[in-house]
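Chemist: Provided herewith is a single structure, encoded as structure tokens, for subsequent inquiry.
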Amino acid sequence: MIKKTILVVCLAALTAGYAFAAPFSYTWRIEELARADAETIELRDNKGKILKRVDVKQMVYLYSVMQAIEEVSELRSELLIVDGKLPNAFATKGMIELEPDDGNSEKGDREGTGSDKKVVMKGSSIKDAKPINKDNAVEANIIGINFALLDMLGLDVHMAAALIGHELGHLKLNHGEDHKTRRNADIRTAANTKYSRDNEREADYLGAIWAVEAGYDPAGAVRLQELMYKKTKHLSGGFSGSHPSSVERIAKLKSLARRLSP
């Protein structure tokens, strides 16, 4: 059963991986999407407009990768999809509140039959999020992947492991702690922290180690950065603005992958 989840506005601590070229407005929990009894899910805004169609198989793969990286990193996390046209991702810490299950929990509207069956799910609106009920909320590590980056990952679990491991690496190493704020903030503002090159190298290394320990190919990190460099080198926002891929970085990841390969 899919439980409706509120990703609340007030963040306990603000750390982030990437600066968004344009703010995102909606979030969906990948755990919920992966449990859908369908082949396709239509992600819609609060007015019912279709924002994206996603393959449930991809959601299952991403959720499985997340669980594997969680086990080796010993970090419990929430993995989200957010809207966005430029490839992007972020990592932050925040509060997540689950509504009580009264037997009528939102499962998503189902349409079609047989091979055409799909689920329609509305996203949790960041703009309309209500203040949290602290008695029914827990602090969580949060990783977000936007639509454009989701398309780049496809079904490549090795690239996904590199991405998720890298993001959790930032949180594990407390990167971005100098950028914390005590004021209430929209989760979108948590994606504005820019890391140093040393921070990026550390997160690359730790993410690759975790990927190998979880059974994935460290070359996935190389493929991800090569693709990112090709797609975003001409852009000034998204990954290219605050988390740049470069020839130097790709070379270092290739060397690291060779050392970590059996």
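Chemist: Select from region 82-95 the residues that are surrounded by fewer than 23 Cβ atoms within 10 Å (Cβ to Cβ) and part of a strand (DSSP E or B) and write down the one among them that is farthest from the chain's Cα centre (by Cα).
Modeler: Ranking the candidates gives 95 first.
Chemist: Considering only residues that are at pLDDT 75 or above and of a type in the set (A, V, I, L, M), which ones fall in region 230-262?
Modeler: Residues satisfying the conditions are 247, 250, 251, 253, 256, 257, 260.
Chemist: Of the residues 188, 183, which single one is at pLDDT below 95, basic (Lys, Arg) and more than 17 Å from the chain's Cα centre (by Cα)?
Modeler: The match here is 183.
Chemist: Going through 98, 62, 43 one at a time, which residue ends up being at pLDDT 90 or above and touching a Lys or Arg at 6+ places or on another chain (Cβ under 6 Å)?
Modeler: 43
Chemist: With the requirement that a residue be loosely packed, with under 12 Cβ neighbours inside 10 Å, within 12 Å of residue 209 (Cα to Cα) and either touching a residue at least 24 places away in the same chain (Cβ under 8 Å) or of a type in the set (Val, Ile, Thr) (or both), what does region 247-262 give you?
Modeler: The answer is 261, and nothing else.
The values are calculated or read from the model by the stated rules, or taken from the named source; none is laboratory data. Note that the structure is predicted; figures quoted are calculated from it, not measured. We place every Cβ from the backbone using ideal geometry, glycine too, and count neighbours over all the protein chains shown.
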